[in-house]
Each structure stands twice: as structure tokens, then as C-alpha cells.
1. Quickly run through segment B:248-272 and pick out the residues that are within 17 Å of B:Val294 (Cβ to Cβ) and assigned to a loop (DSSP other than H, G, I, E, B).
2. Looking at segment A:279-290, is at least one residue surrounded by 21 or more Cβ atoms within 10 Å (Cβ to Cβ) and among the β-branched types (Val, Ile, Thr)?
3. In segment B:79-116, how many are closer than 22 Å to B:Asp208 by Cα and acidic (Asp, Glu)?
4. Could you check B:Ser324 against (1) of a type in the set (Gly, Ala, Ser); (2) in a loop (DSSP other than H, G, I, E, B); (3) within 14 Å of chain A (Cβ to nearest Cβ) and say which number it fails?
5. From the set of residues in segment A:580-599 that are surrounded by 10 or more Cβ atoms within 10 Å (Cβ to Cβ) and within 13 Å of B:Asp6 (Cα to Cα), which is farthest from the other protein chains (Cβ to nearest Cβ)?
6. Would you confirm, using the coordinates I've provided, whether A:Val247 is surrounded by fewer than 20 Cβ atoms within 10 Å (Cβ to Cβ), of a type in the set (Val, Ile, Thr) and in a loop (DSSP other than H, G, I, E, B)?
7. List the number of the failed condition for A:Glu408; all other conditions in (1) away from chain B (no Cβ under 14 Å); (2) surrounded by fewer than 21 Cβ atoms within 10 Å (Cβ to Cβ); (3) under 30 Å from A:Thr495 (Cβ atoms); (4) in contact (Cβ under 8 Å) with a residue 40 or more places away in the chain hold.
8. Which is without any contact (Cβ under 8 Å) to a residue 60 or more places away in the chain, away from every other protein chain (no Cβ under 14 Å) and under 25 Å from A:Thr140 (Cβ atoms), of A:Thr343, A:Thr294, A:Thr348?
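The values are calculated or read from the model by the stated rules, or taken from the named source; none is laboratory data. Quantities reported herein were computed from a predicted structural model and do not represent experimental measurements. Cβ placement follows ideal geometry from the backbone for every residue including glycine, while neighbour counts extend to all protein chains displayed.
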Amino acid sequence: MTSGCFVARVAFGVDARVEKPNDVTGPVSSSEPGQSESAAVSSGGPVAAPVSEADEPAEAAAGGAVSPPDQCDEELVLRPLRSGDIYASFQFRTQWDTDFLHHGKKVSHYRLFPKSLGQVLSKFSVRELHISFTQGYWRTMQWGQPFIPSPPGAELWVWFHNTVEDVDGNWKELVNVLSGIFCASLNFIDSTNTVQPSASFKPLGLGNVTDHRFLRYATLPREIVCTENLTPWKKLLPCGSKAGLAVLLKSEKLFHSSFHSQAVHIRPVCKDWQCTSTAWELRQTLNVVFDIYTSGQGKKEWSLFKMFSRTLTEACPLASSSKVYVDVTDNPEGELFDLSPVTPLLSTAVVLGDRRTYSVYDLTKKETFGQLRSLNLVLRWKGESGDMLRPLLHAERYVAGFGLQTGEIHTLIYNNHPYRAFPVLLLDSVPWYLRLYIHTLTVTSKTRENKPSYIHYQPSKDRLRPHLLEMLVQLPPHSVTEVTVQFERALLKWTEYTPDPNHGFYVGSSVISALVPSVVAMDTNSTQERPLFSSFFPTKEESSYFVRVYTEPLLVNLPTPDFSMPYNVICLTCTVVAVGYGSFYNLLTRTFQVEEPSQSLAKRLANVIRRIRGVPLL
Amino acid sequence: MGLLSDPNRRKALTTLLTRLNTPICVVCYLAGIAWFMGLAFEPFTLRTYMSENAMGSTMVEERFPAGERALATGREFAGHKRKAGGMPVDWLVKTMQDRGLEVFTQSFSRTLPFPDENKERYMVRGINVYGILRAPRAPRTEALVLSAPCSPDNSNNQAVGLLLGLAQYFRNQIYWAKDIIFLVNEHDLIGMQAWLEGYHHTNISGMDYTPLQGRAGSIQAALSLELSSDVITSLDLILEGLNGQLPNLDLANLFHAFCQKIGVMCTIQGKLQRSDWDTAEGYTHAVQTMMLMVLKQASGRPWGDHGLFLRYHIEAATVRGVNSFRQYKTDTTTVGRLLEGMFRKLNNLLERLHQSYFFYLMPSLSRFVSIGYYMPAFGLLATILLLRALDLWVQLGTPTEVTEDGVGEVEPVSINNQGSFDSPLTHIYIDLVLKSWMLQFKVICCSPLRFISGEGTEQGWRVLKLVALLYLAVLLGCTALINFSLGFILAITLVPVAACVTPHLPKAVSALAMVLLSPGCTILYCVFIFQELQEAPVSLSEGWMLFLSVISQGILDHSLFGSLVYPLLALLVYPCWLLLWNILFWK
């Protein structure tokens, strides 16, 4: 972590040697392209820049200026989990109304959108950027599906504009810049852990680019996420952490949890339904799960104060909407838990294939805060909670075997749907030092071979690029599909070992992307309430939903030399060289001649003594 | 180098070695034994120290409060165990779930090759129950294991109770960085073997088991707990695992450090440490402790449930509570605090335990002998074999008189002896092993054998002995590298036989001596010595019964867990002894 920050700062230090001062908040007009480009990166403390910007529009809004073109929304979803834990998901969306499609036109006017990110977008011709930092593993079996999934560690995937010529060069610079912005070790991303998935990661925004030459995907499973990543993330928010939902984001509580994930997604979106004009959308999400035992003292009672040690008092003044949703689907008559204060507002949505009902608290309305002028949602469980419905799709992965020579990676994918088969895309990116024996790749479900209908395999090159394996596998209903592949552990050069080689080496999560048949379509109860004419064919948007599931990363031990080895090696080589050289030199330079039969040892000794005494020899 | 490149000096050296061969051998043998016995002498040993920085300097507090509740859980467990007539699976699953763990079960079955009389089992069927405490904000890559066997009789209930108590306490803590697996295994080692094979998805022993549903990444360390009474006087640490493998010494250091910190009496091999090393009693005590470790290690058996972890490169040890008649007692809360402390330190580990020694002997819990100190003892014994081989080599070389300088000595051995045997050496060796194996029963009847074609000449037996000596040296050398104790014990008895045997000895006496020094008899002596050291001496007939059960256990260990001692003795060491036997009865 620290090293990541440090390196990134150095990178910025190099870039920052330009004429432009940092306090440029207004439009930077008519500067030369080259200059403005360097200025784009030079915004100095890129971390500090958005905050100063946030102040200016705040004044503008307070002054009652014309309705600004940019807008931002914030929301918090609380989902009580059956295990007694609670899942809190923050989403902050900032839209930047700028015409990015005109390439070459430099945008330099920023209101709500953080300047540091905007400059990155224009400098590196980024079309879409998704970055997530996660500490912990999402327990699908206990918690269900998250709203936005992410693998443990850091994940970064970027679509570049199709006009970019040197994608790899741009990518390399971009990760270093992002490393500085988020204070993370993203600069460890290089060609050995970057892949170009052909099918798993499609653009989520506008545009129809599917040529995966412009896509780069990398994960750092080892990345540890902590407050130093949270602070720069919070500074990208329009209100910072000063107002609105963001006041809840206190690190001492957020990191006292079972799971913590924060992400930034940037993509181009339509401004209206006809898509006549476009905008950049910046979505910042933060997901956190609080544990009933460690955070809740074993009591099934949650409140905003208990979770975040803060309550809500106002919405972010810049936000056009600011809402708190509480998932009350399992609790229609209040038999499972009490929720206070009570809100009359309910909203229904199909989320992840399931129809959910939410209580809504609108923070822009004054009555939400009540007499005390603060909102402290309290959620008190009453009864025993039952078991959770098994998620329709989940996966796990482990390394089999023992010893330090070979091993086998097993990936198990579960389809728990009772009668529907569906295809999934499996993406595996394995570092080169695990040499996959791809001929041993087997896919079996229900003890029979399951032939993938699409395989994209790119073998690794030592010290250059990782293995990439993408497969389209059909999962039979109610089955476990097992993907196994054997590997050999490579012996690294001694400088390639990490400082803690006996800890093991990480292999990033595999990614399983799927369109999962929806539970709603399965559910006959919900169709009963609806008009008959509407419910025969399942509607498209409800019949299946997109899910991405990440498996756990692997920790693999490689054969590790004893690192007192250099010492031994020096000693051994010196000895061998000395002995070998000595004897060879001796043999090569010696002249052989006939000699008198040698004297006995005693006689020779006697001669030595005689020589010392000066007496004639024997 | 001049010594070797100068033919005359070389000759002088070889003549010296051949002339003084016997005295040197005797000196080597005595020196080897003396060196070994000296290992237990305290001034010659090193004090143990914590090598791993992650465990050494970090502070942890032990706050486990709920020993009494753990004992109550243990009693509840005992009740359910009695009711279920075995592992109370449902109760355990529910109890673990209530404590906030992810609980899974694994059923297994195994039919032994023949009934195990010690434990009275033949068809083994059981269920392992384990719960995983998921560490907060950890990506399921690393885990620690705490296991307690569920034994069929009324013992070890307190261990399960304490395990559940610790699970409950650990679950409420935020500081875990590694997942913790709480495992209750049935049928001790067989259940453990099934679980480990299931966890690593291997099958080396032909076990039937259901695949595991939940995993927690690579296991970094494991502790197995055995506790059969509410209060204990001391805790015993058991280290010896399968094939004589030992866990990293830091694990023993960790245990010792916490025993001292918390004030629990701790033992190794059931022996307390004495402070009077300079007295004869103190020294004898240390020798006894070390000899017990050597004998246990040489047996190649896992001496606790931890023993099977070592194959998977997981550092593991068994902690056994001992309740004797001493005054001073320790309650379960204290044992719980000790385990909590150990787990918290293991939780702090950044890397696997690797800093300290993997090869060591312990004359007491605070003293150890590292591989560099004990290997010379074996090396001295192995030198005898090489010296004898050199002697024979020279003897074989002299009558041919190829050249004076000895360069041509290579040929006479393999070529000039065509009269004695037709086939090359390797062929003979394979032949010997196979034949000796087939004709074992004849050997047992002490009939002198001749299975090398052609006339038995002086040259013939010398070549045979040379082969036998070199073979034995290589065999013992390799064994000692893997399992020092086994190699050393075999060397003590086999080296004199190999060094002395010739056809010219008095047949009856030497045959008797050879039988007394055979590998089988070595095992018998070891049984008696072991019983003596454990202060449970046995009569001759009991000893014989024990000897038989040791042999059957060895075969069982081989087929169940893949222990190598039985095949090593039967396929490699015993044929070698037969070679020597053939030399004695050479015609």
C-alpha cells in the first residue's frame, strides 16, 4: 500500500513540473493542446482538487442561479440479511453534461464532476472506466447477490476510445495516474497481470465498440483496502464528506465490518430517452456489511447510529435527489422486524430477478427528519429469521493436491435453479508462474463431460503475460459444474520472489458472468395478482437478469528457496572455484620427472632436523 | 590436492586406511554412540528461541473467560454422544450454527485391510463436523485449524466443549485475519485423514468420503486438542507426525512461551524439565526425554491427530491435557486462554512458519538439538561402512597388479571377476533382492543359501560384501536425511553386522549374533526400551505381544496413511540384511 502511494506520488511529481498553477478552477481557455494536456495531469494534488471545486457550485446553488446542467443523486439502500447481518449500499451518481464524442475538443469546465477524473478521461481517451477496491469476500451463500459485485482486492477494467493507437502505453500511464488518485498500489498492474477478455466484460455505457483490443482488465487480489483509499474516494463526491449521506462514511466504523467494497464507475450515458445528447456518468458505490456478532454485540438490532456512529441530518445540498431505502420485502406486515420511524412511502422494483419492496426516506423533505431534526433509522428484529433462499448461481474455487511441484485448480459453479439451464461465461486469468496444463482441462457436470461451446485461451508467456481462459459453459438445472485444470509451479528467479515468499502467491478471482433466469418468472404468486393478459409470456426485462459472480482468490505456495541461500551460494562457489582452480592449475603446470625412490617419513623428518642443525643429510 | 594427485602419497593414505581400518572403525562406532549420547547434555544443546518475528515481538492479550461454560458444553456433548451412540452430528451442527459459524459435515467410510485389534475396528464409518469462522474482511485465502477428536469412549468431551467455547468467544472478536476452522473428527486419525484428503481433493489411501462443501483457502497451522478432565496438572506437547516429520520448531516455541506466560506446567514426551542438568539424574532425564522422541520419530507413526497435517505442509501439533496426582491444578479457562493466545499469534503470521528448524530433537521443551549437531553422530556410523568398503576395494584391487599407481584399479572389480558371476552388478543386485524376497522362508530356517551362479570364491563374497556395504550406506544415508531417528537406530544395529561379517567366522555364534542384530529384533528392543523409558516396563510375553501389535500397526499405518517405515524395512532394509547373511554362509 504504502509503496504504491509513494510510487504514485513520485509519478505525479514528475508530471507536475509544468507552468500551470494548481488553483485553476475556472475555465482554462485557449491554451495549446499540449499545454492543457500537461495541465490536465498537473492538477497537482488531484485528490485535493475536487473539494475546492465543490465549494463553488455550492455557492452557485445557494445563490439561486439557473438550474445547472450537471446533476447528482445519492442514495443508501439498507438490506437486513437473514443471518442477522445488515448490508448497506451507498450509491452516488454525478452526471457531467459534456459532449465527449467530439474528440480533440478539450473540456476544461468542471462543476460537480471531479476534475481529477475528468482530466484522466480526456487525456487517456478513456471510454469507460471501472475500478473497485474490496476488502473481504462477498458471501453469496449467506448474503445473496450484491448490487454491484466486486472481487477481493483491486479490480480495474477500462475501455479505451477506438481512436487510441497505443493502448498499452495509455493503459500503463493510466494505472499509474489512478494509483496516485486513489492512493493504491495500482502501479503494480503491468503486462503480467493484464488481460483482454473477449466476451466477459462488455461496455456498460453508450457505444457499440466490442473490439476487445480496446479493453484492458486487471486485478490485484493482494491489494489491501483501508482508510487511505477511502479518503480520496470521498473527496470525489460533490459534497465531500461534509453533508448528505456521505457524513455516515466514517472509516472507524466502515472498517469494523465483515465486508467493505468501494468502487468508481465512469461511463457515457444518454441524457434523454431519445439519446440526442450524451453525458458522462460517474457512479461511486460503497458496499459494506456489518456483522451481527462483532459490530452488533450479538443483538439483532441495527440503527444508523450503531452502524455508522452518525445520524442523518440533511441531504447534500447539491444533490437533486437523496434517498434512503430499506428493504422490507420479507416484512410486509412487520412480523420479522420493526422499522422506525415509519414511512408511508413504499417503492417496488425488480432487483436481481426478484421483486423487492422498499421503504423510502426522502432526505430532501424536511418532515423526514422529524422533531429531532435527525434521522436515525432503527431496525429491530423480532422473530427468528429463517434460512435464506439459496442463490441461483454461486461458485467456489480451491487448489487441490499437495507438494510443491504440481497442483490442480478446481472451480465449482452451482446452478440452483430447479428446472432452467443457462449459460455462463467463465473468465480465468492465471499468472504465468502457474503453468497451466491446458490439455488437462475438464468440465464436468452431473458426472458427465460438459463441452464448452466457446473457448478463448491465450497461453502465458513467461514474465510477460498471464494465461487467459474464457469459456462459455451451459449449466444444467440443479447441478454443480466442476472445471479442473492442472498446473505446474514454476521456479522463479531469486529476484522475482516477493519479500514474503513463504506467504504464497495470489491468483485472482475467476469471473463468472451470466444471464440468470429470474425468480420472478418462477414465482406463481406474483402472477396471480397481476392481470392475466400481462402474465403469460415473461417480459424480457424480468425474465432474466445479469449477474457477475467472483470466486475467492487463491493463495498458492511456490517452491521457495531458503533465502539465506545467497550466503551459502557465495561460500560454496568460492570453495568450488578455489579447489577446482587449485587442482587444475597444479595438474597443468606440473612437470613430471623420474625420481629416486622416495625416502620414508622418518628419514625425511630426520633430514629436516639435520638440515636445521647444519649436519650432512642421511 | 597434492595428496590425491600424487600417486605415492595416495598409496600411503590408502595403506594407512587399510592397515588401521579396524581400529578406526571401532573408534568411529564408539564416537558415534558417544556423540549421540552427548546430545542430551545441556551445555551441548541450544536454548530454543522464537525465530518468527511476526510471533515474537507482537503482544496479544488473553481474555477468554468462559471455561466453566465450555465444560458445561462438554458435558452436554457427552450426553448427546451417549444418546446418539457416536458422534452427535445434529447437535454439533446446531450448536456450531448458533455460535455463528458456517457448518459443514463430511461422511466417510473405510474398510481396514485387517481388523485393528488395538482399537477394535474393521469397517469404519463416521462423520466429521466442522465449522468455519469467517474472518471479517478476509478473502478466504488463509485458515487455521483447531481440531478435537470425538472418541467413542467417555474421554475427550472436555476438548470438544472447550473447542465450542473458544468458537463462541472467537466469533465475537474483530481481529481475525485468517479464517478459523473448528473441526470435530470422528475415529481419530481415519477421520482426520478423510477430512484432509477431502479438503485437498486428493485420495492416496483409498478412502471413501463425500466431498467438502466449504473451504477456507490454504491452511497455515493446526492444533489438535485432547482434554479428558475438568482440571489438568500439565499440558503435553506432541510433535511427531507421519514418517517422523516434525512441525516447525517455532510452533513448539510458541507453546512453550505461552505456557510460561500463563503459568501452566508443560511437558514434552510427558517429562517435565529439570533444572539440575549437571547431576547424573538430570542428564539421565534429558537422555530419556530425547530417546523417547527418537523412538517415536523412528516409528514413523502419527502420535496425535496433528500428524497427518504435516504431509500437506501445514505446521501442526497436538496439545494433550494430563491430569496426574500433583497438587497444582490448572482450570479450563486457563487452557482456553493459552489456546487463544496461540491462535492470536498464529493469526498474526504473515508467512507460513518457516523461520525456525524443521529437523531437530528435543531433550527438553526449552532445549533443542538441530540437524547440524545430530548428523555427525550418524555420519560417524556411516563412515564405518565407507571405510570397510574402501578396504574391500583395495583388497580386491591388489592381487590383479595392473599398475603400481592404482589407476587401473577400476577394471579388476567388474571385469576380472567374470569367473564368479556372469551378470553385471546391477543385474545381480536386482536378482538378489528378488530372490531374497522369494526365498525368505528358507532364510528363516537358517539354511545357508547360494543363489549366485558359479563357484563361490574369495573374490565373490568380497564383491558381494562391497555391494552390500555401499548399498547399506546409501540406504541408511537417505533414511537418515528424511527421518534421522530411524536411520540412526538402524545404523546402530546394522553397521556392526555389515562391518564384521565374513564367511570365515564361526558359523553358529555369528548367525546368532546376526539374528539378534536383525531389523526385526531391533524393533523388539525398541519396544522394550520404549516401555522402560515410559516407566511402564513389560514382561517378556507382554513385550512380544506389543511387538506383534507394533508390526501390525506399522502395516496398518502404511495402508491407511501411507507411512513409509513398513515398506522401507520390508523391501529395502531386510534384503540388505539377507545379503549379509549370504556372506556369512558363503561357500
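1. Residues satisfying the conditions are B:Gln269, B:Gly270.
2. Checked against the condition, which is being surrounded by 21 or more Cβ atoms within 10 Å (Cβ to Cβ) and among the β-branched types (Val, Ile, Thr), segment A:279-290 yields at least one hit.
3. The total comes to 2.
4. Going through the list (1) of a type in the set (Gly, Ala, Ser); (2) in a loop (DSSP other than H, G, I, E, B); (3) within 14 Å of chain A (Cβ to nearest Cβ), B:Ser324 breaks only (3).
5. The extreme case among them is A:Arg590.
6. For A:Val247, the condition - surrounded by fewer than 20 Cβ atoms within 10 Å (Cβ to Cβ), of a type in the set (Val, Ile, Thr) and in a loop (DSSP other than H, G, I, E, B) - is not met.
7. The failed condition is (1).
8. A:Thr348
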